[in-house]
Amino acid sequence: MQTTPETIDTLIHARWIIPVEPHDSVLDHHAIAIHEGRIVELLPSREAEGKYRANVEHHLDSHALIPGLVNAHTHAAMSLFRGLADDLHLMDWLQNHIWPAEGKWISPEFVADGTRLAIAEMLRGGTTCFNDMYFFPDETARVADNAGMRAVVGLILIDFPTVWAANADDYLHKGIEVHDHYRHHPLISTAFAPHAPYTVSDEPLQRVVTFAEEMDLSLHMHVHETAHEVEEASARNGLRPLARLTQLGLLSPRLAAVHMTQLSDGEIAQLAGSGASVVHCPESNLKLASGFCPVQKLLDAGVNVALGTDGAASNNDLDMLGEMRSAALLGKAVAGDASAVSAAQALHMATLGGARALGLDEAIGSLVPGKAADVTAIDLGALETQPVYHPTSQLVYAAGREQVSDVWVAGRHLLKARELTTLNQASIIERAHAWAEKIQATDEHPGT
């Protein structure tokens, strides 16, 4: 008996689908069925042609489909500071260059334009969700919403006054207002984002833990980024930063601890027991000589590890494909083991690991029925990625972001044959040029 094909929104046929769940699986000549923004089914293309009638159908004969990449730590608006101050030590970079530039230039307009530039770059690199930490999070959320991008917007908290807020009460009040505005939004969620142990004192941290529990929000924080940070904290109060955060109640499954380049075996075991996640930013850590995150030790201990680019001012790109490659290669060198941080593990860190760190793993991070249709298509047919023996390895070790052809977020086609569909690329570039002219004209450290 012949059945009537089911009508759906979109059917994407691909040479390979790498769903991430089950781990290290690859589906040959398969299709993904999408309806009302969600994944309906993954099935062989021949079966799909008879089972579904799609309003839009794509045939990507040389492509791999993967879950949309999750950039688990960035400062999107800082794209406008890309290349402003390079080849400097972290605290010199922050105190003498970045913080003064922020004091002079940060505004709602700056954040909107910088975030728009970052989102355009991330979409063209296959990223469908980013976890942000910056000032004017309301602007970040608004721009992401308008672009159709998925975002976790950090509700930043710092002890000292900035153009965004005057004190801890003000940061928390304004942050909660942003959370309330986007509480039921399908693409925008929020997380408390205390900047770092050395910039937030005990009382605000204790308050943010209480708020996070009451509001069921994640915590996103730079932790153990450099040896200097750890040594200074130990000298000041006799506690390493992670020990202090543990005493204050931050170490829990809610915490996404960013960088974590300075970890003892005991601290790794403590992280594993707590359920906290680590966000690894290999390229930023390399560029600032911050240290090496012991990724394979964390994975072996059962710690969830995600990947982030950090901001474009310290990377200097928002390229998650490049970040995967760096993470896999660096992980082998740090572990002294060529089998450490495999290609499949790197892809997991950039997708499901990131989703888990942000508390979104029930919705995104893998291509399974019922999850949101956040999908990235990468063309492996280019000369530079031939021949293809193992698609996952080819993605991690050989493919470049210029091979990302198409991106969907919640089933919406945001990048189509390398063209952005919701953002004006020419206008974004024009605004970036205008900001560069203003910033460079007043830069007190030209040529650094």
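The values are calculated or read from the model by the stated rules, or taken from the named source; none is laboratory data. Treat the numbers as computed from the prediction; the structure is a model and nothing was measured. So basically every Cβ, Gly included, is an ideal-geometry build from the backbone, and we count neighbours across all protein chains shown.
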Identify all residues within region 254-270 that are closer than 16 Å to Thr226 by Cβ and either assigned to a loop (DSSP other than H, G, I, E, B) or small (Gly, Ala, Ser) (or both); write none if there are none. Ala257, Met260, Thr261, Gln262, Leu263, Ser264
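Residues are listed down the side, and each one gets a yes or a no for (1) farther than 18 Å from Leu217 by Cα; (2) assigned by TED's automatic domain parsing to the domain that holds Ala257; (3) among the acidic types (Asp, Glu):
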site: Met122; (1), (2), (3): yes, yes, no
site: Met133; (1), (2), (3): no, yes, no
site: Ala166; (1), (2), (3): yes, yes, no
site: Asp180; (1), (2), (3): no, yes, yes
site: His184; (1), (2), (3): no, yes, no
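Being more than 19 Å from Thr74 (Cβ to Cβ) and under 22 Å from the mean Cα position of the chain (by Cα), is that true of even one residue in region 191-204?
Quick first cut of region 191-204, residues more than 19 Å from Thr74 (Cβ to Cβ) only: 197-198, 200-204.
With under 22 Å from the mean Cα position of the chain (by Cα) added as a condition, the list becomes 197.
Among the residues of region 191-204, at least one is more than 19 Å from Thr74 (Cβ to Cβ) and under 22 Å from the mean Cα position of the chain (by Cα), which makes the answer yes.
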Can we say Gly400 is surrounded by fewer than 18 Cβ atoms within 10 Å (Cβ to Cβ) and either among the polar types (S, T, N, Q) or touching a residue at least 24 places away in the same chain (Cβ under 8 Å) (or both)? yes
Among (1) within 18 Å of the chain's Cα centre (by Cα); (2) hydrophobic (A, V, I, L, M, F, W, C); (3) part of a loop (DSSP other than H, G, I, E, B), the one test that Met133 misses: (3)
Members of region 335-378 that are out of contact with any helix residue (DSSP H, G or I) (no Cβ under 7 Å at 6 or more places or on another chain) and either of a type in the set (Val, Ile, Thr) or free of Cβ contacts under 8 Å to residues at least 12 places away in the same chain (or both): Gly336, Ser339, Thr351, Glu362, Ala363, Val368, Val375, Thr376
With respect to the numbered conditions (1) surrounded by 21 or more Cβ atoms within 10 Å (Cβ to Cβ); (2) free of Cβ contacts under 8 Å to residues at least 40 places away in the same chain, which one is the sole condition not fulfilled by Glu109? (1)
For region 305-320, does any single residue satisfy the condition of being without any contact (Cβ under 8 Å) to a residue 40 or more places away in the chain and either of a type in the set (Gly, Ala, Ser) or out of contact with any helix residue (DSSP H, G or I) (no Cβ under 9 Å at 6 or more places or on another chain) (or both)? no
Restricting to region 225-241, and then to whatever is of a type in the set (A, V, I, L, M, F, W, C) and within 15 Å of Thr199 (Cα to Cα), can you tell me which residue is surrounded by the most Cβ atoms within 10 Å (Cβ to Cβ)? Val230
Those residues that are closer than 18 Å to Leu69 by Cβ and surrounded by fewer than 17 Cβ atoms within 10 Å (Cβ to Cβ), I need them from region 1-24; list them, please. Glu21, His23, Asp24
Looking at (1) touching a helix residue (DSSP H, G or I) at 6+ places or on another chain (Cβ under 8 Å); (2) outside any loop (DSSP other than H, G, I, E, B); (3) more than 28 Å from Ala432 (Cβ to Cβ), which one does Asp300 not meet, given that it meets all the others? (1)
Residue hits (region 294-313; crowded, with 24+ Cβ neighbours inside 10 Å and either within 15 Å of the chain's Cα centre (by Cα) or under 18 Å from Ser393 (Cα atoms) (or both)) are Asn304, Val305, Ala306, Leu307, Gly308, Thr309, Asp310, Gly311, Ala312
What are the pairs with Cβ atoms under 9 angstrom where one residue, in region 74-93, is under 20 Å from Thr226 (Cβ atoms) and the other, located anywhere, is basic (Lys, Arg)? Sequence gap at least six, or different chains. Asp86/Lys287; Asp87/Lys287
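At least 2 residues that are over 25 Å from the mean Cα position of the chain (by Cα) and assigned by TED's automatic domain parsing to the domain that holds Gln345 in each: list the helices (runs of 4 or more DSSP H) lying fully within region 1-114 that qualify.
On the way: elements: 45-51, 90-93, 99-105.
Here the list reads 99-105.
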